[in-house]
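The values are calculated or read from the model by the stated rules, or taken from the named source; none is laboratory data. Keep in mind it's a predicted model, so treat the numbers as computed, not measured. Every residue, glycine as well, gets a Cβ built from its backbone with ideal geometry; the counts of neighbours run over all protein chains shown. Heavy atoms of the whole protein, side chains included, go into the accessibility calculation; ligands, DNA and RNA do not. Shrake-Rupley method; radii C 1.70, N 1.55, O 1.52, S 1.80 Å.
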Amino acid sequence: MSRSAKRLFRAALAGGLLSVPAVLIYFASDAPYAASSPGKSLIKLTFKHPGKIAEDCRERTPEELARMPVHMRKAKDCERTRPPVHVEFSLDGRVLLARTFPATGIMKDGPSYAYETFLVSPGSHKIVVDMRDSLRAEGFDYTFSRDLTLDPGSVAVIDFDNARQSFVVR
């Protein structure tokens, strides 16, 4: 077999092998997809929210300050952690979620993340979302209430907008 014939054979083999996944992808892309079950609607509750900073400070003694390098000498020693974010989600007066989302990061000073989904029947619903992001033991820092009408197969996303400091429905 000549050199040019070998190259032609290799090119044809490579083209044939690459066409197999292309054909599979082409036919798989026409497969129907539904975000929720047929005849149902979906509500997604999601947020990336940093809780309020919980500074627990104490005064350093003169002996502690003397042992420290000059560039690290601060009179106060503060631990900057964030409390977990507690969320309660109610649909038509029934609590579907009551969960605490911990702060992320090694020092627990990062945001809390949530992604929860709820499969619901289509129609009108009353949603209430309560969130606590502070150290308070009871009550909530944010409350969101809204009547929501969902069509079959629709998806409603409830997100916390940190710039507006409120929940929004998209």
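About its Cα centre, the chain has a charge dipole of approximately 1040 debye under the convention of +1 per Lys or Arg Cβ and -1 per Asp or Glu Cβ, with nothing else charged. For Lys76, a cut-off of 12 angstrom between C-alpha atoms picks up these aspartates and glutamates, skipping any fewer than 8 places away in its own chain: Glu55, Asp56, Glu59, Glu64.
Taking a straight line from the alpha carbon of Lys126, these lysines sit under 18 Å away, with near neighbours fewer than eight places off in the same chain left out: Lys40, Lys44.
So for the chain, taking the charge dipole from beta-carbon charges (+1 Lys/Arg, -1 Asp/Glu), which of Met72, Val20, Ile53 sits furthest toward the positive end? Comparing the listed Cα positions along the dipole, Val20 ranks first.
Straight-line cross-link partners of Lys48 among the lysines, defined as a Cα under 20 Å from its Cα and at least 8 positions apart when in the same chain: Lys108.
At q = 0.10, 0.20 Å⁻¹, what log₁₀ I(q)/I(0) does the chain have when each alpha carbon counts as one equal point scatterer in the Debye sum? With one equal scatterer per Cα and no solvent, log10 I(q)/I(0) is -0.63, -1.22.
Taking 7 Å steps out from each Cα toward its Cβ at Thr104 and Val169 produces label points 2.8 nm apart. For the range 1-66, chymotrypsin sites (Phe, Trp or Tyr not before Pro) meeting the loop criterion (DSSP other than H, G, I, E, B) and having at most 11 other Cβ atoms within 10 Å: Tyr33. Here the range 113-152 is treated as an ellipsoid with the same Cα gyration tensor; its semi-axes, largest first and in whole Å, are 26, 13, 6. The GNM of the chain, with springs linking C-alpha atoms under 10 angstrom apart, assigns the highest mean-square fluctuation among Glu64, Glu116, Glu138 to Glu64. Basic side chains Lys and Arg get +1 at the Cβ, acidic Asp and Glu get -1 at the Cβ, and with that the dipole of the range 21-82 about its Cα centre reaches some 160 debye.
Compared with the dominant Cα axis of the chain, that is its longest principal axis, helix 3-28 is turned about 60°.
In the full protein context, the range 1-87 carries 78 Å² of accessible surface per residue, based on a 1.4 Å probe and ignoring ligands, DNA and RNA.
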